[in-house]
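Novice: Let me begin by handing over the structure; questions about it come next.
The values are calculated or read from the model by the stated rules, or taken from the named source; none is laboratory data. Not measured: the values here are computed from a predicted model. Cβ atoms come from the backbone with ideal geometry, glycine included; neighbour counts cover every protein chain shown. Just the protein is used for accessible areas: all its heavy atoms, side chains included, with ligands, DNA and RNA removed. Shrake-Rupley method; radii C 1.70, N 1.55, O 1.52, S 1.80 Å.
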Amino acid sequence: MAAPPIRITVLGSGTSVGVPTIGCHCEVCSSTDPRDNRLRPSILVSFADRNILIDTTPDFRTQALRARIDRLDAIVFTHAHADHIMGLDDVRPFNFLQRGPIPIYGSAETLASIQRVFEYIFDGARKESHIPKLDPRPLASAAVDLFGVDFLPVPVLHGSQIIHGFRFGRAAYLTDHSDIPQASLEQLRDLDVLFLDALRYKPHPTHSTVDRSVKTVEAVAPRRAFFTHICHDLRHARAESMLPPHIRLAYDGLEIAVEGTR
Ligand SMILES: [Zn+2]
Ligand SMILES: [Zn+2]
Ligand SMILES: [Zn+2]
């Protein structure tokens, strides 16, 4: 059966500290180009009347208001670093609106970290005020069917840690990574759209660089690629002028349509 078409909205394209960065007055942090204004990294995957969120950044409330998100059917976590989880408490309005818990997906390790960081959500103790209502569902290596679209976990190396990117339909989103195992590259064939971490030009122990991600694009040959998790070393207009036309920088608010069927 054909899956519904997918719309991807980039909610944040910035690195962990965001751009502008607190206390920095460099030309990118001072830029008037709105594409140089980067909230923390996250996307919304929408199809039919469903919204799937990848990661809850510290900017989640702002991102949800900006993108006018008015329902949330599931959250999929790539890993439990602070820039990917700290907005989790802000999903409470969706619990009120939808009158039910929200399923959250991630590796067993990621969910365990989230349950530790947000202990008050999961400790089962009686509360005097509202806490998020969440339903943790661990992911193994198999794809999970979310309302008719398969989300396939794609293992990537983030420094020494193995975390997840995700493929859905003819798109894939690989945020934080420093290396992609060969078996994972095989999961990225026949893509229309590939999102890749490209923190900066200089090497970094846990993140990909512009040059490295250009090589990944050459290796798996998606029709188009978008770089994300970008720091203030990259000025949007200038960085794009040095890239081939099928590779662009993601920016907050960017919307892309792809097929939902693999
Ligand atoms: Zn990150
Ligand atoms: Zn700066
Ligand atoms: Zn990370």
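Novice: Summing +1 for each Lys or Arg and -1 for each Asp or Glu, what net charge is found among the other residues whose Cβ lies under 15 Å from the Cβ of Phe60?
Specialist: Here the count lands on 0.
Novice: Projected area of region 116-179, taken from the Cα convex hull and averaged over every viewing direction, in nm²?
Specialist: Reported value for the Cα convex hull: 6.3 nm².
Novice: Testing the spin-label approximation: label points 7 Å from Cα along Cα→Cβ at Phe122 and Ala237. State their distance in nm.
Specialist: Taking the simple label geometry, Phe122 and Ala237 are separated by 4.6 nm.
Novice: Just need the Rg to Rh number for region 1-109, please, alpha carbons only, Kirkwood Rh.
Specialist: 1.01
Novice: May I ask you to give the percent of accessible area on the chain that is carbon plus sulfur, with a probe radius of 1.4 Å?
Specialist: On the way: 6230 of 11910 Å².
Carbon plus sulfur share of accessible area: 52 percent.
Novice: Compute the projected area of the convex hull of the Cα atoms of region 151-237, averaged over all viewing directions, and report it in nm² to one decimal place.
Specialist: 5.3 nm²
Novice: Continuing with the same structure: In whole Å, what three semi-axes, largest first, describe the equivalent ellipsoid of region 50-155 built from its Cα gyration tensor (square root of 5 times each eigenvalue)?
Specialist: Taking √(5λ) for each eigenvalue gives 20, 17, 14 Å, largest first.
Novice: Summing +1 for each Lys or Arg and -1 for each Asp or Glu, what net charge is found among the other residues whose Cβ lies under 14 Å from the Cβ of Thr206? Spell out each step's value before the answer.
Specialist: Working: positive: Arg200, Lys202, Arg212; negative: Asp83, Asp176, Asp179, Asp197.
Local charge sum for Thr206: -1.
Novice: Please report how far the C-alpha centroid of region 94-166 lies from that of region 44-76, rounded to the nearest whole angstrom.
Specialist: Going from one Cα centre to the other spans 14 Å.
Novice: Continuing with the same structure: Where only protein heavy atoms count, and the probe is 1.4 Å, what is the accessible area per residue for the chain in Å²?
Specialist: Heavy-atom SASA per residue in the chain reads 45 Å².
Novice: Select from region 188-237 those trypsin sites (Lys or Arg not before Pro) which occupy a DSSP coil region and have at most 14 other Cβ atoms within 10 Å, ordered by residue number.
Specialist: Arg189, Arg223
Novice: Do any trypsin sites (Lys or Arg not before Pro) in region 104-160 lie in a loop, going by DSSP, with at most 10 other beta-carbon atoms within 10 Å of their beta carbon, and if so which?
Specialist: Arg126, Lys127
Novice: Which log10 I(q)/I(0) values does the chain give at q = 0.07, 0.10 Å⁻¹ under the Debye formula, counting every alpha carbon as one identical point scatterer?
Specialist: At q = 0.07, 0.10 Å⁻¹ the computed log10 ratios are -0.22, -0.46.
Novice: What FRET efficiency comes out for Cys24 versus Arg92 if R0 is 30 angstrom and r is the Cβ-Cβ distance? Round to the nearest 0.05.
Specialist: The calculated FRET efficiency here is 0.40.
Novice: Remind me, relative contact order of the chain in percent, using alpha carbon pairs under 8 angstrom and six or more residues apart?
Specialist: 22 percent
Novice: Find the relative contact order for region 1-91 and round it to a whole percent, using C-alpha pairs within less than 8 Å whose residues are 6+ positions apart. Intermediate values should be presented prior to the final figure.
Specialist: Details: 163 pairs, mean separation 25.5, N = 91.
Relative contact order for region 1-91 comes out at 28 percent.
Novice: Let me ask something additional. Enter the angle in degrees (range 0 to 90, nearest 10) between the Cα long axis of helix 210-220 and the first principal axis of the Cα atoms of the chain, meaning the one along which they spread out most.
Specialist: The two axes meet at around 80 degrees.
Novice: Continuing with this model, one more query. For Lys215, give me every one of the lysines with a C-alpha distance below 16 angstrom, ignoring sequence neighbours fewer than eight places off in its own chain.
Specialist: Within reach: Lys202.
Novice: What longest range of the chain stays clear of loop-exposed GluC sites (Glu not before Pro) (DSSP non-H/G/I/E/B, at most 10 other C-beta within 10 angstrom)?
Specialist: The reported range is 129-262.
Novice: For every other residue with a beta carbon closer than 15 angstrom to the beta carbon of Leu97, add +1 if it is Lys or Arg and -1 if Asp or Glu, then tell me the sum.
Specialist: Summing Lys/Arg as +1 and Asp/Glu as -1 gives +3.
Novice: Apply 1/(1 + (r/R0)^6) to the Cβ-Cβ distance of Ile162 and Arg189, taking R0 = 25 Å, and write down the FRET efficiency to the nearest 0.05.
Specialist: Working: r = 21 Å, r/R0 = 0.83.
The value I calculate is 0.75.
Novice: Viscosity 1.306 mPa s, temperature 10 °C: what is the translational diffusion coefficient of region 80-211 from Stokes-Einstein with a Kirkwood Rh over Cα pairs, rounded to a whole number of µm²/s?
Specialist: Taking Rh from Cα pairs, D becomes 96 µm²/s.
Novice: Looking at the chain, send over the antiparallel percent of its DSSP beta bridges, to the nearest 5.
Specialist: So the antiparallel bridges in the chain amount to around 55 percent.
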